[in-house]
Amino acid sequence: MAWQGAAGRAGAQPEWFYKGRGDAVVGCGQPLPTPAFALDGGEEPELVGLYVIDDQGTPCRLGFALGNEFSDHVTERQNYLLLAHSKLRVCAIGPELRTGALPPDLRGSSRIRRGGEVIWEKPFLTGEANMSHTIANLEYHHFKYAAHRRPGDVHLHFLGTATLSFADGIRALPGDRFEIDLPALGAPLVNPLAAAPDAFAPGGVRAL
């Protein structure tokens, strides 16, 4: 299909959003802090492609891992132009890296645990059989920009989601645990939600 891209040809360009520098990434078991100004902090279970740019500027795929893109879905719903703002949050990946060929049909589950109780759980699908774009098309449209091919850089490409607790009226609270489980990629990705302190206030810019 034209929007997916046939072998060796570019398909339609997908939407993508900037998540920040590498210091926005947290590992499995670490808290996902939501900023004081945020209106929401919700999970987004996704497949993540991990890449390193070699000395010649060629993107090299290391493999795939589980990811929780994490987003402010209340802000997203206010205005579609605020979607990029809602993504400027931390995210989580891991705990395992799968190398080699990826099965086209991947099935997992996403849940939220509050205390010892699961308050929400839903299956999710990923892999090329369940995606709007081929992975090759997503990779092309990401790495066609020269700024994304700087030798030595590492890229984490979150490949999209279709399952959100927010869509079912769930609001996660500090202390809740997000659990993303996809057996084909190894152990689950687990992160608690935390509230970050207010680090910047209006009028916080000073003149030099």
Any hit, region 97-117, residues being farther than 27 Å from D54 by Cβ, touching a residue at least 12 places away in the same chain (Cβ under 8 Å) and polar (S, T, N, Q): yes
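With the structure loaded, tell me whether I53 is β-branched (V, I, T), touching a residue at least 24 places away in the same chain (Cβ under 8 Å) and under 17 Å from F143 (Cβ atoms) or whether it fails that test.
Here the answer is yes, as I53 does meet what is asked.
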Candidates A101, A84, A38 - the one that is touching a helix residue (DSSP H, G or I) at 6+ places or on another chain (Cβ under 8 Å) and among the hydrophobic types (A, V, I, L, M, F, W, C): A38
From R171, R150, residue being closer than 18 Å to G49 by Cα, assigned to a loop (DSSP other than H, G, I, E, B) and among the charged types (D, E, K, R): R150
Checking L156 against (1) modelled with pLDDT of 95 or more; (2) outside any loop (DSSP other than H, G, I, E, B); (3) in contact with an Asp or Glu (Cβ under 7 Å, 6 or more places away or on another chain); (4) of a type in the set (A, V, I, L, M), the condition it does not meet: (3)
Test: residue in region 151-160 that is of a type in the set (A, V, I, L, M), within 18 Å of the chain's Cα centre (by Cα) and surrounded by fewer than 19 Cβ atoms within 10 Å (Cβ to Cβ): yes
Selection status of L182, more than 18 Å from E15 (Cα to Cα) and more than 15 Å from the chain's Cα centre (by Cα): no
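Is there a residue in region 153-165 that is under 23 Å from A194 (Cβ atoms) and without any contact (Cβ under 8 Å) to a residue 12 or more places away in the chain? Full working, then the answer.
To start, the set of residues in region 153-165 that are under 23 Å from A194 (Cβ atoms) comprises 156, 158, 161, 163-165.
With without any contact (Cβ under 8 Å) to a residue 12 or more places away in the chain added as a condition, the list becomes none.
Scanning region 153-165 turns up no residue that is under 23 Å from A194 (Cβ atoms) and without any contact (Cβ under 8 Å) to a residue 12 or more places away in the chain.
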Which numbered condition A195 fails, given (1) surrounded by fewer than 18 Cβ atoms within 10 Å (Cβ to Cβ); (2) under 18 Å from P45 (Cβ atoms); (3) in contact with a Pro (Cβ under 7 Å, 6 or more places away or on another chain): (2)
Any hit, region 139-147, residues being in contact with a helix residue (DSSP H, G or I) (Cβ under 6 Å, 6 or more places away or on another chain), part of a loop (DSSP other than H, G, I, E, B) and not hydrophobic (A, V, I, L, M, F, W, C): no
Considering residues of region 30-63 that are among the hydrophobic types (A, V, I, L, M, F, W, C) and surrounded by 17 or more Cβ atoms within 10 Å (Cβ to Cβ) only, the residue farthest from the chain's Cα centre (by Cα): I53
Scan of region 36-52 for residues that are aliphatic (A, V, I, L, M) and either under 18 Å from R114 (Cβ atoms) or not in a loop (DSSP other than H, G, I, E, B) (or both), ordered by number: L47, V48, L50, V52
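The values are calculated or read from the model by the stated rules, or taken from the named source; none is laboratory data. Because the structure is predicted, anything quoted here is derived from the model rather than measured. Neighbour counts are summed over all protein chains in view; Cβ atoms, including those assigned to glycine, are modelled from backbone coordinates with ideal geometry.
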